[in-house]
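*Asks:* Mind looking over this structure? Questions follow.
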Amino acid sequence: MEEIIVKNSGYIILKQFTDQREGSLTVAESNRDIPFAIKRTYYINQKNASEVTRGNHAHKETVQVIFCLNGSFVLNLDDGSKTQKIKMNESHIGVILGKDLWHSMESISAGCVMLIFASDYFDENDYIRNYDAFLKYVALKNK
């Protein structure tokens, strides 16, 4: 696992239990494994391999954790000064998508399922959907 170098991010490694049944049980508990109270959970199910890019936004206040339950994708992170690409393909390893962190998902495999836990309910006003506006926003906050 490569070190995460962008601000407002990090890994979450969930407890995973395996036994003779050839499967595993993975546990994610709010305020324990996930570093916030979970107010929203959603998933993205990519049926076919795609060159489409998902995400392409940042949040002003909401914190999220993203997992790849099946398949793989590349997670792009950008804090306004550093960027990083992380290959996501382990179902028990998630990445924190903190405030003021531009993120997108690309190179999504067929059958990929992404699971996201969010610290708040959906609010369109929390989103920054324009990259240039994001760069201006984080520059102002970092002054």
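The values are calculated or read from the model by the stated rules, or taken from the named source; none is laboratory data. Predicted, not measured: the structure shown is a model, and the values here were computed from it. Cβ: placed from backbone, ideal geometry, glycine included. Neighbour counts: every protein chain shown.
*Asks:* Out of region 1-33, which residues are of a type outside the set (Gly, Ala, Ser), surrounded by 12 or more Cβ atoms within 10 Å (Cβ to Cβ) and part of a loop (DSSP other than H, G, I, E, B)?
*Replies:* Of everything in region 1-33, those that are of a type outside the set (Gly, Ala, Ser), surrounded by 12 or more Cβ atoms within 10 Å (Cβ to Cβ) and part of a loop (DSSP other than H, G, I, E, B) turn out to be 4, 6, 7, 8, 14, 33.
*Asks:* How many residues does region 62-97 hold that are in contact with a His (Cβ under 6 Å, 6 or more places away or on another chain) and β-branched (Val, Ile, Thr)? Can you show your working first?
*Replies:* Restricting attention to region 62-97, the residues satisfying the condition of being in contact with a His (Cβ under 6 Å, 6 or more places away or on another chain) are 77, 97.
Those left that are additionally β-branched (Val, Ile, Thr): none.
Result for region 62-97: 0.
*Asks:* Right, another one. Just need a number here: residues in region 57-91 that are touching a residue at least 60 places away in the same chain (Cβ under 8 Å), in a loop (DSSP other than H, G, I, E, B) and either within 11 Å of residue 115 (Cα to Cα) or under 11 Å from the mean Cα position of the chain (by Cα) (or both).
*Replies:* The number of residues fulfilling the criteria is 1.
*Asks:* With respect to residue 123, determine if the residue is at pLDDT 95 or above and on the phi > 0 side of the Ramachandran plot.
*Replies:* no
*Asks:* If you scan region 94-112, which residues turn out to be surrounded by 15 or more Cβ atoms within 10 Å (Cβ to Cβ) and of a type in the set (A, V, I, L, M)?
*Replies:* 95, 96, 97, 101, 105, 108
*Asks:* May I ask you to verify whether residue 41 is out of contact with any His (no Cβ under 7 Å at 6 or more places or on another chain), within 18 Å of residue 122 (Cα to Cα), in contact (Cβ under 8 Å) with a residue 40 or more places away in the chain and in a loop (DSSP other than H, G, I, E, B)?
*Replies:* no
Okay, residues lined up against (1) among the acidic types (Asp, Glu); (2) at pLDDT below 95; (3) surrounded by 19 or more Cβ atoms within 10 Å (Cβ to Cβ):
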{"position": "58", "(1), (2), (3)": "no, no, yes"}
{"position": "62", "(1), (2), (3)": "no, no, yes"}
{"position": "67", "(1), (2), (3)": "no, no, yes"}
{"position": "73", "(1), (2), (3)": "no, no, yes"}
{"position": "79", "(1), (2), (3)": "yes, no, yes"}
{"position": "85", "(1), (2), (3)": "no, no, no"}
{"position": "92", "(1), (2), (3)": "no, no, no"}
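*Asks:* In addition: State all residues of region 28-45 that are touching a Phe, Trp or Tyr at 6+ places or on another chain (Cβ under 8 Å) and closer than 28 Å to residue 107 by Cα; if no residue qualifies, say none.
*Replies:* 28, 34, 38, 40, 41
*Asks:* Consider only pairs whose beta carbons are under 6 Å apart and that are at least six residues apart or on different chains; among these, list those whose first residue lies in region 14-37 and is within 15 Å of residue 117 (Cα to Cα) and touching a residue at least 40 places away in the same chain (Cβ under 8 Å) and whose second residue is in a strand (DSSP E or B) and of a type in the set (Ser, Thr, Tyr).
*Replies:* Every condition considered, the pairs that remain are 14/26; 37/30.
*Asks:* Taking interchain pairs and intrachain pairs at least six residues apart, which have beta carbon atoms under 8 angstrom, with the first residue in region 130-142 and without any contact (Cβ under 8 Å) to a residue 40 or more places away in the chain and the second of a type in the set (Phe, Trp, Tyr) and in a helix (DSSP H, G or I)?
*Replies:* none
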